[in-house]
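Worksheet for the structure shown next.
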Amino acid sequence: MKANYEITKELREASVEFLNSYANYGKCLDFLKNEEKTSYTEDEVNEILNLLGSFRLRDVFHIVERFKVEVTQLKSDQVEQSAPSTEQAG
């Protein structure tokens, strides 16, 4: 028979607060769950990778590897970065 334990409400709340605030994990999980969000900043992608990096590599390797293929820069960003300036010297 496995042992059962009681955890105080304060300890549970402190644990949840830590897990939500540490390295913005709570925010990261929120925007990953938001199905309406279709694009992410470079910082947000890095936050996702940092969150995944906190787990054992063998457990998350298959997901992390997919970032190499399934994360692409949006075309509008590429156009904005390479578009010549339309301002004229006056």
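The values are calculated or read from the model by the stated rules, or taken from the named source; none is laboratory data. Bear in mind the structure is a predicted one, so any value in this text is a computation, not a measurement. In this analysis, Cβ positions are derived from the backbone assuming ideal geometry, glycine residues included, and neighbour counts consider all displayed protein chains.
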statement: Inside the range 44-74, the number of residues satisfying the requirement of being among the β-branched types (Val, Ile, Thr), assigned to a helix (DSSP H, G or I) and touching a residue at least 24 places away in the same chain (Cβ under 8 Å) is 1
query: Just checking, which of 7, 63, 48 is touching a helix residue (DSSP H, G or I) at 6+ places or on another chain (Cβ under 9 Å) and more than 30 Å from residue 75 (Cβ to Cβ)?
result: 7
query: Checking residue 79 against (1) at pLDDT 90 or above; (2) part of a helix (DSSP H, G or I); (3) β-branched (Val, Ile, Thr); (4) more than 10 Å from the chain's Cα centre (by Cα), which single condition isn't satisfied?
result: (1)
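Within the range 46-72, can you find the residues that are over 27 Å from residue 15 (Cβ atoms) and of a type outside the set (Phe, Trp, Tyr)?
Across the range 46-72, the qualifying residues are 62, 65, 66, 68, 69, 70, 71, 72.
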- request: Residue by residue through the range 1-27, note down the ones that are among the β-branched types (Val, Ile, Thr) and either under 21 Å from residue 54 (Cβ atoms) or assigned to a helix (DSSP H, G or I) (or both).
  value: 16
message: I need the full set of residues from the range 1-35 which are exposed (fewer than 10 other Cβ atoms within 10 Å of the Cβ) and closer than 24 Å to residue 47 by Cα, in order please.
response: 33, 34, 35
message: Between 47, 42, which is loosely packed, with under 11 Cβ neighbours inside 10 Å and of a type in the set (D, E, K, R)?
response: 42
